[in-house]
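Q: Quick one: structure below, then a few questions.
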Amino acid sequence: MTDASPDVRRDERIKPVSPFRRALIRPELGGICGTILVFLLFAAIAGDSGMFAAEGVMNWTVVSAQFMVIAVGACLLMIAGEFDLSTGSMIGFAGVMMAILAIHFSLPLWLAIILTFAFCVLVGAVNGWLVIRTGLPSFIVTLAFLYILRGLTIWGAVYFTRQTIIGGLNEKTAGDWLAPLFGGKVLTGLFTWMGEAGWIATFTRGNRAGQPVIDGVPMLIVWAIVLVIFGHWLLTRTKFGNWIFASGGDAQAARYVGVPVNRVKILMFMLSAFCACVFATCQVMEFGSASADRGLLKEFEAIICVVIGGALLTGGYGSVIGAALGAIIFGVVQQGLFFANAESSLFRVFLGVILLTAVIMNTYIRRIITGER
Amino acid sequence: MTALVEMRNIKKHFGHVIALAGVSFDVHAGECHCLLGDNGAGKSTFIKIMSGVYQPTEGEVLVDGSPVVFDSPRAAMAAGIATVYQDLAMIPLMSVSRNFWMGREPEKGVWPLRTFDLAKADEITVAEMRRMGISLRGPDQAVGTLSGGERQTVAIARAVYFGAKVLILDEPTSALGVRQTANVLSTIDRVRKQGIGVVFITHNVRHALAVGDRFTVLNRGQTLGTAERGSVDAAALQDMMAGGQEMALLESSLGGTI
Ligand SMILES: Nc1ncnc2c1ncn2[C@@H]1O[C@H](COP(=O)(O)OP(=O)(O)O)[C@@H](O)[C@H]1O
Ligand SMILES: [Mg+2]
C-alpha cells in the first residue's frame, strides 16, 4: 500500500463507448430527430399546399422564431434549476405597459420601450429573489406572478384606457429610433432582388404589384437567431455557463466550491423576463396594438420547446440549440396542420404526444449519461 | 515544527446540545491524522469549524502558529484548508473536467468575449487524474459514470491541484466497497507524500490504521487524547470510540467479531 506504484487504474468492466453511442447522448439528439421527422411528415401531407413556398416558409418561420425567443430564456433558466410560469403574463403586461406609456402618457415610443424593459427585468429579478429568499419552488412563486401580472395588465388597461386592446401605436413608430429594432425588417434589398430575379413569387395585382410577397426578414427572426447564438455561447463556452449547469445540477455542491448560485439564478430569471419583453415588443410593433390577453399559455409552450430540446425538468442538463429545434418543431407542427387543412384541435393531441415522447427519451438519455444509476 | 493547523480546546454548542466539549487537535505537513469516532460523536461538527462552516462557541484555531478566525468556507480555503465533504460536491450530470474546475474556471480572451478555456481545463484534468492513478475515458466523461471511489479521487485531486495545504476528508470510505476503499486509501497516501497534511475522518478503525500516522478519538464530543502510530492497536481504538466499558462487555458477548 505505502509504495503503490503510480500505475493507472482502469476498470476493465467499462465497455469502450462507440462514437455512435456518444453522438446519441447529446441533449440535442431528440430535437434533431424530431425536426427531421416533422419536416418529412409535412412534406408528405402538406407539400403541395404552399407551406414550402416563400410565403409559407416565412409563415412558420415567424411562428417558430416567436417560440425560440421565449424558449432561450426558459431553457437557460431550466438548466439553472428553475421555472418561470409568469412568461405569458409578462408578455401581456409588457405590451400593455408600453402602450399605456406611449399612448395614454404620450411618452416617446423609445422611452416607453426602455421603461417597460427595465420594469419587466426588475420583476424577473424579484421573481428570482423571492425564490432564493423563501426557498419555495419557483413553480409556486412564478405561478403567483402569472396571476398578479395578468390581473394588473387587465386592470391597468381598463383603468387608463377603458378598453383591453390599445391601438394607435403605428403612428408612434414613425420616426422613432428604437422601434425598428423590434418592428423593422432586414435584407429588404435581397428580397426585392430575389423577386425581380423570379426566385420568389411577386404580387401580380393591387398597389404592390411587382413587389415580392416577402419583403424582408422581420426583426423578430433576427432577435431569435441572436438570442439562440448568445444563449448557446454563454452556456457552453463561458465560465458563467458552467455556473448555470452547476447551479441547476446541485446548488449546494456548487456553493461549496464558491459558485455564486443565487446571482446565477436571479440573472436567469431576469433573462427570462427580458426574452418575454422582446417577444411582447415585436408583437406590439407588428400589430400596432397591445392587448391584455396576449401571451396566454406561452410559459408552457416555452417549457415544452425546451423539454423537446432535451433539457431535464430537474435542471442541470440541456441545450439552447435543442430548445431552438424544439421551437422549430412547435412552429412547423402548429402552422403545418393549418396548411394541411387538418382539424386544428388535433394540434393539441400532437403536442401532447411529442411532449411525452421527448420526456421519456430524455429520461433514457440521462440514464445513459449517469451510468444507468 | 509548528502545526499547519492547530485547534485548541474547541467547544461548540447548538442551542442546548453540546456537540463538542473542548477538543484539541493538530495536523502537520506530510502526515495523515485520523479523527475517529462513532456516529454522532461530533466529527463532522469539528471539521466544519476547521473549514469555516461553523464558528466555535469557545476555543482557538491557529494556522502556522498564529490565531485566525474563519468566518466563511472561502476564508478557510484561502488559508489552504480544503475539505472534501461526505456528499463530495460533485455534479453527476456534468463532465469530470467541468466538475474539476467548477467555481475556478480558467478563461481566455478579452472581455466581453472571454471564454472558458476548455482545452486547457481538459488537458490539466486528464493529467491530474492520471497522477492520482485514474485513467479517464475522456475529460468529457460525466461524473455520474465514475465509481464512488473515483469520484472521491476527483474531489481530492481537485483540492490538491488548487493548492490545499491541509486536506480534510469526511468519511471518504464509508460508502465504498473493498477495492474502492483501497484506491482511496492509496490516494491519501499519495497526497501525504506530496507534503500535504491530511485529516482523515472515519469510524472504521482498520481504514484508519492502514494510512494513519496519528489517531485522535472523539467520543460524545470529547477527546480521549491522541495516539501515535505503533502505540495503539485496533482493539484499543475500538474501545475508545465506544467509550470503554460497554464495548468490552458487548465484545465479549459477540466473541470478538467486531
Ligand atoms: N446544526 C446542528 N444543530 C444541532 N445539533 C447538531 C447540529 N449539527 C450537529 N449536531 C449534533 O451534534 C452531534 C455531533 O454531530 P456530527 O458532528 O454530525 O457527528 P459525526 O459526524 O461524528 O457523526 C450530534 O448529536 C448532532 O445531532
Ligand atoms: Mg459526519
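Bear in mind these aren't lab numbers, they're just calculated from the coordinates by the rules spelled out. Remember, predicted model here, so these are calculated numbers, not experimental data. Reconstructed Cβ throughout: ideal geometry from the backbone, glycine too, with neighbour counts over all protein chains shown.
Q: Hey, what does the equivalent ellipsoid look like for chain A, semi-axes from the Cα gyration tensor as sqrt of 5 times each eigenvalue, largest first, whole Å? Each step should come with its number before you reach the end.
A: Working: eigenvalues 298, 163, 66 Å².
Gyration-tensor ellipsoid for chain A: 39, 29, 18 Å.
Q: Could you run the Karplus curve 6.51 cos²θ - 1.76 cosθ + 1.60 with θ = phi - 60° over region A:242-253 and give me ³J(HN,Hα) per residue in whole Hz, x for Gly and Pro?
A: Result, rounded to whole Hz: 4, 5, 5, 4, 5, 4, x, x, 6, 4, 5, 4.
Q: Just tell me which lysines come within less than 26 Å, Cα to Cα, of A:K185; anything on the same chain fewer than 8 places away is out.
A: Partners within reach: A:K172, A:K298.
Q: Nearest 10 degrees is fine. How inclined is helix A:87-99 to the longest principal axis of chain A, computing both from alpha carbons?
A: 30 degrees
Q: Of all DSSP beta bridges located in the protein assembly as shown, what percent are antiparallel, nearest 5?
A: Just about 60 percent of them are antiparallel.
Q: Given H placed 1.01 Å from N in the peptide plane, which residues other than close sequence neighbours of B:D64 have an amide H under 5 Å from its amide H?
A: Distant-sequence amide H within range of B:D64: B:V5, B:E6.
Q: At A:L41 and B:F162, where each label point lies 7 Å from the Cα along Cα→Cβ, what is the point-to-point distance in nanometres?
A: 4.6 nm
Q: Rank A:G183, A:G168, A:G198 by mean-square fluctuation in a GNM of chain A with C-alpha springs under 10 angstrom and give only the top-ranked residue.
A: A:G198
Q: Quick one: helix A:219-237 against the long Cα principal axis of chain A, what's the angle to the nearest 10°, folded into 0 to 90?
A: With both axes taken from Cα atoms, the answer is about 10 degrees.
Q: Now for a separate question. Please list, ordered by chain and number, the residues whose modelled amide H lies under 5 Å from the amide H of A:V186; skip anything fewer than 5 residues away on the same chain.
A: Excluding prolines and chain starts, which carry no amide H, the hits are A:V217, A:M219.
Q: Taking chain A as a Gaussian network, Cα atoms linked when under 10 Å apart, which of A:I321, A:I148, A:I303 shows the biggest mean-square fluctuation?
A: A:I148
Q: Round to the nearest 0.05 the FRET efficiency obtained for A:V213 and A:L122 when R0 = 41 Å and r is the Cβ-Cβ distance.
A: Taking R0 as 41 Å, the efficiency between A:V213 and A:L122 is 0.50.
Q: Within chain B, what is the number of lysine pairs with alpha carbons under 16 Å apart, leaving out pairs fewer than eight places apart on the same chain?
A: Final tally of qualifying lysine pairs is 6.
Q: Once both axes come from the Cα atoms, what is the angle between helix A:346-369 and the longest principal axis of chain A, in degrees from 0 to 90, rounded to 10?
A: 30 degrees
Q: Between the DSSP loop rule and a limit of at most 14 other Cβ atoms within 10 Å, which chymotrypsin sites (Phe, Trp or Tyr not before Pro) in region A:92-173 are left?
A: Here the chymotrypsin sites (Phe, Trp or Tyr not before Pro) that fit, given the DSSP loop and packing criteria, are A:F105.
Q: Could you please state, rounded to a whole Å, how far the C-alpha centre of region B:1-67 is from the C-alpha centre of region A:260-327?
A: If we compute the Cα centre of each part, the gap is 48 Å.
Q: What trypsin sites (Lys or Arg not before Pro) does region A:88-170 have in DSSP loop regions with at most 14 other beta carbons within 10 Å? Spell out each step's value before the answer.
A: Working: sites: A:R133, A:R150, A:R162; in loops: A:R162.
Of the trypsin sites (Lys or Arg not before Pro), the ones in loops of region A:88-170 whose Cβ has at most 14 other Cβ atoms within 10 Å are A:R162.
Q: Taking square-rooted eigenvalues a ≥ b ≥ c of the alpha carbon gyration tensor, is region A:142-280 rounded, prolate or oblate, where a/c under 1.5 means rounded and, failing that, a/b exceeding b/c means prolate?
A: oblate
Q: Using the Cα gyration tensor of region B:97-251, with a ≥ b ≥ c the square roots of its eigenvalues, what is the shape: rounded (a/c below 1.5), prolate (a/b larger than b/c) or oblate (neither)?
A: It comes out prolate by the Cα gyration axes.
Q: In a GNM of chain B with a 10 Å cut-off on Cα contacts, which of B:K193, B:K11, B:K165 has the highest mean-square fluctuation?
A: B:K193
Q: Taking amide H positions as placed 1.01 Å from N in the peptide plane, with prolines and chain starts having none, which residues 5 or more places from B:G59, or on another chain, fall under 5 Å of its amide H?
A: The list, which skips near neighbours in sequence, is B:K11.
Q: Calculate the mean, over all residues of peptide B:136-145, of how many other protein chain Cβ atoms lie within 10 angstrom of the residue's Cβ.
A: Across B:136-145, the average partner-chain Cβ count within 10 Å equals 4.
Q: Something else now. Shape verdict for region B:1-114, please, from the Cα gyration tensor: rounded (a/c under 1.5), prolate (a/b greater than b/c) or oblate.
A: prolate
Q: If packing is taken as the average count of other Cβ atoms within 10 Å, what order do A:255-262, B:213-220 fall into, highest mean first?
A: Peptide ranking by packing, descending: B:213-220, A:255-262.
Q: Filter the chymotrypsin sites (Phe, Trp or Tyr not before Pro) in region B:100-190 to those in DSSP coil with at most 16 other Cβ atoms within 10 Å of their Cβ, and list the result. Mind showing how you got there, number by number?
A: Values: sites: B:F100, B:W101, B:F116, B:Y161, B:F162; in loops: B:F162.
Taking region B:100-190 and a limit of 16 other Cβ atoms within 10 Å, the loop chymotrypsin sites (Phe, Trp or Tyr not before Pro) found are B:F162.
Q: Also, I was wondering about something else. Hey, could you get me the Stokes-Einstein D for the protein assembly as shown, Kirkwood radius over alpha-carbon pairs, 25 °C and 0.890 mPa s, rounded to whole µm² s⁻¹?
A: 88 µm²/s
Q: If you plug each phi of region B:166-176 into the Karplus form 6.51 cos²θ - 1.76 cosθ + 1.60 with θ = phi - 60°, what whole-Hz ³J(HN,Hα) values come out, in order, with x for Gly and Pro?
A: Residue by residue, region B:166-176 yields 10, 10, 9, 10, 8, 6, x, 9, 5, 9, 9 Hz.
Q: Quick check on chain B: helices-only [θ] at 222 nm, where DSSP H runs of length 4 and up contribute -39,500 (n - 2.57) each and the sum goes over total residues. Nearest 500, please. Walk me through the numbers on the way to the answer.
A: Details: 9 runs with 90 residues, N = 258.
One gets -10000 deg cm²/dmol as the mean residue ellipticity at 222 nm.
Q: A further question on this structure: Just to be sure I follow the definition: excluding the sites themselves, where is the longest run in chain A that has none of the GluC sites (Glu not before Pro) in a DSSP loop with at most 12 other Cβ atoms within 10 Å?
A: Segment A:13-342 is the longest.
Q: Let me ask another. Explain nothing, just compute: Karplus ³J(HN,Hα) = 6.51 cos²θ - 1.76 cosθ + 1.60, θ = phi - 60°, for every residue of region A:158-173 in order, whole Hz, x for Gly and Pro.
A: Going residue by residue, I get 5, 4, 8, 10, 6, 8, 9, 10, 10, x, x, 7, 4, 5, 6, 6 Hz, with x marking Gly and Pro.
Q: Sticking with this one: Calculate the length of the line joining the C-alpha centroid of region B:211-243 to that of region A:146-197, in whole Å.
A: The two parts, judged by their Cα centres, are 75 Å apart.
Q: Within 10 Å of each Cβ in A:247-256, how many Cβ atoms from other chains are there, averaged over the peptide?
A: Taking all residues of A:247-256 together, the mean is 6.
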